[in-house]
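Nothing in this text is a laboratory measurement; each read-out follows from the coordinates by a stated rule. From a predicted model like this one, the values you see are computed outputs, not experimental measurements. All Cβ positions, glycine included, derive from the backbone under ideal geometry; neighbour counts span all protein chains shown.
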Amino acid sequence: MAEVTGIKEIIKPENLVYKKTKLMTDKVLSYCPGCGHGTAHRILAEIIDEEGLQSETIGICPVGCSVLLYEFIDIDWQEAAHGRAPALATAIKRLLPEKFVFTYQGDGDLAAIGTAETIHACNRGENILIIFINNGIYGMTGGQMAPTTLPGMRSSTSPYGRDVKIMGNPLKMTDIVATLLGTYYVTRQSVHTPANVKKTKKAMRKAVQYQKLNKGTCFIEIVSNCPSNWKMTPVQSNKWMEENMFPYYPLGDLKIPAEQITQKTSNSEKND
Amino acid sequence: MAKIRGSIVVNIDRCKGCEVCMVSCPTGTIAMAKEVNHKGYFYAFPANPDLCIGCASCAMVCPDGVITVYKTKI
């Protein structure tokens, strides 16, 4: 392994602060440079590792850029048909209720072909975690327009920008599932800065805890970039995401458990 | 007061040169190399190693997890 190092005297095992988790395999990620998928994978692997769930986790792979996810994280996986991951996760969780079951899906998978599965799994309150990567485009197949593509955003099938009169408005999937009674924790995060990575990791840890307590569906949307299909450099695409995606898909919790709300109000009352 | 010093190790073979680490580094430690790795990417490297504080911001945002971070007090 070729590597470059900083000050060599500091590099000792006792000074180690951060190292890629062992759950990530040595396989080189198949993503384009700067893609948010890699960061999302690593956070997920870190959470599973830190919670000691490696042998207790079953993940459902989507169809899309992250279709080869089973090669990158060293846990049990099952590949689902396009968009059908929540249905498969429902079956697995009902048969093996003691396992930690999650799906990892993109916007083409979850919000287009799998809309019905997603909404009904969330409505039934299946005790699973759904991780939704939203980059507003079909990444793998060449940048076609997705349901989440922003108004006026160019893609290979909307070369003059998305015209909402003809093509409809972007689908805010996370807002829809937040209104359903079956969901317990719904949040929207991103992974483009260190602070956002920490917040996303915290959200995932909460979701793992809620699943242990059989609370209901947890839904985490990660607003991500697609440098190749947005035709920008990774740094430019992160900036574009902040300026254009975040106003339409604002970050933050959309639905938090009722217990937390009462806790927060009682805390603020104390402060008053 | 004790000074905190950090050091990073970059796995050149796996770096895809996306520059996200360079932008997220608060001290300007990281720069992109003038040479390319075997895949043809301009890899990241600690150009100013003395400035590193071991905050691990670069490692946290690196999509490919190529950065390992060490930190100590001097």
### Query
What lysines sit close enough to residue B:34 to cross-link, taking a C-alpha to C-alpha distance under 24 Å and skipping anything fewer than 8 places away on the same chain?
A:8, A:231, B:16
### Query
How big is Rg to Rh over segment B:4-73, alpha-carbon atoms, Rh as the Kirkwood inverse-mean-distance radius?
0.94
### Query
Counting DSSP beta bridges in segment A:29-271, what percent are antiparallel, to the nearest 5?
15 percent
## Note on the structure
Residue by residue through segment B:45-60, the couplings from Karplus 6.51 cos²θ - 1.76 cosθ + 1.60 with θ = phi - 60°, in Hz, x for Gly and Pro, are 8, x, 6, 10, x, 5, 7, 5, 10, x, 7, 6, 4, 5, 5, 5
### Size of electric dipole in segment A:171-272: Cβ of Lys, Arg +1 and of Asp, Glu -1, about Cα centre, debye, nearest 20
400 debye
### Task
Can you find, among B:53, A:144, A:232, the residue farthest towards the positive end of the dipole of the protein assembly as shown? Put +1 on the C-beta of Lys and Arg, -1 on that of Asp and Glu.
B:53
### Message
Residue by residue through segment A:159-165, what is 3J(HN,Hα) from phi via Karplus (6.51 cos²θ - 1.76 cosθ + 1.60, θ = phi - 60°)? Round to whole Hz and write x for glycine and proline.
### Response
x, 9, x, 6, 8, 5, 5
### Query
In debye to the nearest 20, how big a dipole does the protein assembly as shown give about its Cα centre with +1 on each Lys and Arg Cβ and -1 on each Asp and Glu Cβ?
460 debye
### Query
Placing +1 at every Lys and Arg Cβ and -1 at every Asp and Glu Cβ, with all other atoms neutral, what dipole size does segment B:4-73 have around its Cα centre, in debye to the nearest 20?
160 debye
### Query
Using modelled backbone amide H atoms (1.01 Å from N, in-plane), which distant-in-sequence or interchain residues come within less than 5 Å of residue A:156's amide H?
A:144, A:145
### Query
Sorted from fewest to most neighbouring beta carbons within 10 Å, what does the list B:41, A:185, A:160, A:104 look like?
A:160, B:41, A:185, A:104
## Note on the structure
For residue A:225, the residues 5 or more places away or on another chain with a placed amide H closer than 5 Å to its own amide H are A:36
### Message
From the phi angles alone, apply the Karplus equation (6.51, -1.76, 1.60; θ = phi - 60°) to segment A:94-105 and give each ³J(HN,Hα) in whole Hz, x where the residue is Gly or Pro.
### Response
6, 7, 10, x, 7, 7, 8, 10, 9, 10, 10, 9
### Query
Hey, what's the Cα Rg ratio for segment A:29-271 versus the globular rule of thumb, 2.2 N^0.38 Å?
0.98
### Pairwise FRET efficiency - residue B:2 versus residue A:1, Cβ, R0 = 45 Å, nearest 0.05
0.90
